[in-house]
Structures are given as structure tokens and as C-alpha cells.
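> This is the structure, below, for whatever I ask next.
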Amino acid sequence: MEKTYGVQGHSPEDLNPYWKELDETLNVHPAKEEYYNKMNQLVRKACKSLSWEGNPVPQARKNCQKSGHCMQGCMYGAKQSQLVTHIPKAMSLGTDIYADCKAVRLELKGDKVEFLEAVMIDRPSGKESNIVLKFEAPIFAISAGGFGSSTFLLKNGWKKKLPALGEYLAINPSPFIHAFYEEPIIQWRNIPSAFGVEEFRLARFKEDGSYIEGGFLIMANQLQPGSLAALIPGFGVEHREIMKQLPHIGGTIGWIDDVPSELGNISVSASGKRTITYNFGKLTKEFLKD
């Protein structure tokens, strides 16, 4: 990554010592049999019958209640997000957490950040208040994800200092397909990704470089009734008849590897408006069709 993108400290040698600690902190483990819903069972059965490579998917879960709301936010705190792992740990070590606080500006003194200016958000309205805070520290860490971190630094005019800022955007396109099954599937219960088909994990190419197949991971899909209702085609009576069969609808989702030469970017205009661009390139489209 350092040679291609200029990212330091992210080589396998750099990261390997931390995986064990992360796995333990996030409670990572293969899903037990009781967490395989019907769709996961069918995907595993099909994978074995076709002699494809497939394996249980490591899960970052603890005290899972099988409610199936993994995509919407677990009501039981079973998904091991920062909210229930690293934030409590940081607080136990003396970290102060400021809720409803929006980072706005980094003030520079030479090449060093002197302070961070932030504004409190009025929770009922969701708008910025008149309360402004200033944070001084020897080190500032920007950790708002690929979208948030890039947007914040671009708005602060860091593009010249960091030419790769906002570039090389990877989003893992995830197409999915659904079908009717004779047996009840009830895809919105239990966990969505207990088993993964890895037969096509790496893309295969001919000697001349032309694409053959692969470049994605296949897993059972999970959508709640509300999301399914919005995706199901038709209107009125036609739509209602399909909805009556909702428990029998199941499907799979493909997690596609982004093609390094076909990545997107994030930009911010002079007015502060963010634009996210991701054009599906030729090879990415081949992955999607496969």
C-alpha cells in the first residue's frame, strides 16, 4: 500500500501483531450452527453439492439474540461496534467523549495543528448551535471513516498537502438477487452471513489478460420486510400479492472486490458541497455480470 498509495504502516508485517488483540476485543469467531438461518443452510448445501470452496464466516458478535436486525443496528448491543468495544475501553483509560459535537476546523501553526475547533449540535433540531469548543492536543487523529475523514480534511483545504486525499475510493459493490422458495425462508431472522462461498473469491483471467470469472464473495442476503417492500417490483394489488409471500423470498448477495484501476473519488466544492464519484469500469461490470 505504501508503494501504490503512499499509505505507511499498513503492510502485513505492520498489522499482523494486532490481529489477535483485535479478534479478542471484538469477539471474532465462526458462527455456530444455531445461527445458520434457512438461507445460510441452503447456500452451504448448494456450495457443497457443487463442490465449491466455502467456509464459515468469522463473526464479531457477542450475546446475539438472533433478532435479525444486524443491518439496522442491533438493539441488544451484540454487534461489536466501537460503541460497545473501543469507546468504553477508551473511557476506562480516561478518555473524554463529547456527544453531539461536530469537528469543524483544524487551525495550523506552520506544519503543526495548533487546535481543533468544534461546534455543539442542538439535538432536537439537528442543527449547529452557537456553542463553539476549542481542543488543544499534541496529536490529533482523524478517524471518521473513508467518507467522513476525507470530507473533513478536504473542507479544511488539505488536498495540496495530501494529494491522495479523496482519491482511490473503494466501496465493494454488492449486487443481490432474490427468488421464491417453496419452503419458508424468513430471511430477516438470525444472522445474515454465517457461511461464505469463496470459490470465486479471486478473479480468474486468461493468459491474454481477459476476464474469465470471479472476483467476489457470495453470501446469504438479509433484508427486513420494509426494505424488501421497497425493492419488490409492482404496485397496488400486484405488489400486495408478492408481499403475502414474503416469508418464502430468499436470496444471496455478492461482495465484489474493487478493481484498483477503476476506483472512485470524493471531492468538495468551494461552497463545501461533497461529491462522491464512482463509475463502474469495464472490469467491474464484468464482475457484476458474472
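> Considering only GLY126, SER49, ALA229, whose Cα is most displaced toward the positive end of the charge dipole of the chain, charges sitting on Cβ of Lys, Arg (+1) and Asp, Glu (-1)?
Of GLY126, SER49, ALA229, it is GLY126.
> Could I ask something else about it? Are there any trypsin sites (Lys or Arg not before Pro) in the stretch 245-290 that are in a DSSP loop and have at most 11 other Cβ atoms within 10 Å? List them by number. Before the final figure, lay out each step's value.
Numbers: sites: LYS273, ARG274, LYS282, LYS285, LYS289; in loops: LYS273.
For trypsin sites (Lys or Arg not before Pro) across the stretch 245-290 that sit outside H, G, I, E and B with at most 11 neighbouring Cβ atoms in 10 Å, the list reads LYS273.
> By a straight-distance test (C-alpha under 24 Å), which lysines pair with LYS20 as possible cross-link partners, with residues fewer than eight away in the same chain excluded?
Qualifying lysines at Cα under 24 Å: LYS32, LYS62, LYS79, LYS89.
> Next question. Could you work out the local net charge near GLN245, counting Lys and Arg as +1, Asp and Glu as -1, over the other residues with Cβ closer than 14 Å to its Cβ? Present the calculation step by step, with values, prior to reporting the outcome.
Values: positive: ARG240, LYS244; negative: GLU182, GLU183, GLU238, GLU241.
It works out to a net charge of -2.
> How many percent of all Cα-Cα pairs in the stretch 65-159 sit more than 21 Å apart?
50 percent
> Rg and Dmax in Å for the chain, alpha carbons only: what are they?
Rg then Dmax for the chain, in Å: 22.7, 68.
> Further question on the same structure: In whole Å, what is the distance between the alpha-carbon centres of the stretch 171-201 and the stretch 267-290?
For the stretch 171-201 versus the stretch 267-290, the Cα centre distance is 25 Å.
> Can you work out the Karplus-derived ³J(HN,Hα) for every residue in the stretch 151-163? Use 6.51 cos²θ - 1.76 cosθ + 1.60 with θ = phi - 60°, whole Hz, and x for glycine or proline.
Using θ = phi - 60°, the values come out as 4, 4, 6, 5, 5, 8, x, 8, 4, 5, 6, 10, x Hz.
> Same structure, new question: Would you mind working out the magnitude of the charge dipole of the chain relative to its Cα centre, with +1 at each Lys and Arg C-beta and -1 at each Asp and Glu C-beta, to the nearest 20 Debye? Walk me through the numbers before you get to the answer.
Numbers: 34 positive and 33 negative charges, 136 e Å.
That gives the chain a dipole magnitude of about 660 debye.
> Quickly work out the ALA137-to-LEU83 label distance, labels modelled 7 Å from Cα along the C-beta direction, and quote it in nm with one decimal.
2.2 nm
> What list of ³J(HN,Hα) couplings, whole Hz, do you get for the stretch 117-122 from phi and the Karplus terms 6.51, -1.76, 1.60, once you set θ to phi - 60° and write x for glycine and proline?
Ordered by residue, 3J(HN,Hα) equals 9, 9, 10, 7, 9, 6 Hz.
> Please list, or write none, the lysines whose alpha carbon is within less than 26 Å of the alpha carbon of LYS161, excluding same-chain residues fewer than 8 places away.
LYS3, LYS102, LYS109, LYS112, LYS134, LYS273
> Can you list residues from other chains, or at least 5 along the same chain, whose modelled amide H is less than 5 Å from the amide H of GLY196?
Excluding prolines and chain starts, which carry no amide H, the hits are ASN55, VAL57.
Throughout, read-outs are computed from the coordinates displayed, never taken from laboratory work. Keep in mind it's a predicted model, so treat the numbers as computed, not measured. Because the Cβ atoms are built from the backbone with ideal geometry, glycine has one as well, and the counts that use them run over all protein chains shown.
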